[in-house]
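Everything below concerns the one structure shown next.
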Amino acid sequence: MPRLEEVRFLWGGLWQVARGDARGLSLFDISDEGLTRSFWALAYCLPILLLNAILLRAAFIEVIPDPARGHIIFVFQALVLQLASWAFVLICIILFGLAFGYRPLLRPMVVMANWGSVPILYAIAGLVQPILRLTRGTGLLSWMLNMSFWIVAIAIPLYLIWRILLTLVGGPVWKRGGFLFLVLAASLWAIRTLEISLGLNIPYP
């Protein structure tokens, strides 16, 4: 398992690439071993994935009683959903990468997607979710605050991903935009479908 110092080093490489410095790509090992080691990012994310599952359970039972399903089963299903979501994104990157002619860049895409998921997940869980819980309510102001925080939480990672794609693949804007849109749309559709099938969607009134 890579040490935290090495992971921080890779995050620095991601930041370089996001700023348009292609030298950051040299920090990533895209060999077979490097590709395999990038999945250790899941191990770094397990604590936050577990916390997300617990928070989802708490939010779920606030809206609707769920006596037929115990806490442990729900949390396990929520963990399965999050791990499947990770896999869906990678599968979409590979499939649409092949379709858009990005085959030589698939390895760095997968490696950077794995390691880049760690800070994004921790930032969302550590900053955005507590703020959303504090501002939750039924009034217009609460709704506006929640929407504002969600927009920021989505816009910042999307902007960074766009910048990384610009450095990594270049090319016309429509091609990068189409690739990113299809990856996100297909991933979200698959994740939402699985969420509903597992009964994990929160039926807000």
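The values are calculated or read from the model by the stated rules, or taken from the named source; none is laboratory data. Not measured: the values here are computed from a predicted model. FYI the Cβ positions are ideal-geometry reconstructions off the backbone, even for glycines, and counts take in every protein chain you see. Note: accessible area is taken over every heavy atom of the protein model, side chains too, but ligands, DNA and RNA are not part of it. Shrake-Rupley method; radii C 1.70, N 1.55, O 1.52, S 1.80 Å.
Assorted remarks:
- Measuring with a 1.4 angstrom probe and ignoring ligands and nucleic acids, S38 comes out at about 0 Å² accessible.
- P(r) weight above 13 Å for region 1-58, C-alpha pairs, percent: 68
- Spatial separation of Cα centroids for region 1-39 and region 166-180, in angstrom: 21
- Its relative contact order, with pairs defined as Cα atoms under 8 Å and 6+ residues apart, puts region 47-112 at 30 percent.
- Qualifying trypsin sites (Lys or Arg not before Pro) for region 1-78 [loop in DSSP, other Cβ within 10 Å: at most 10]: R3
- Surface composition of region 1-75: carbon and sulfur make up 67 percent of the accessible area, probe 1.4 Å.
- Taking label points 7 Å from Cα along the Cα-to-Cβ direction, F39 and L27 give a separation of 2.5 nm.
- Karplus-derived 3J(HN,Hα), 6.51/-1.76/1.60, for each residue of region 177-184, Hz, glycine and proline x: x, x, 4, 5, 4, 5, 4, 5
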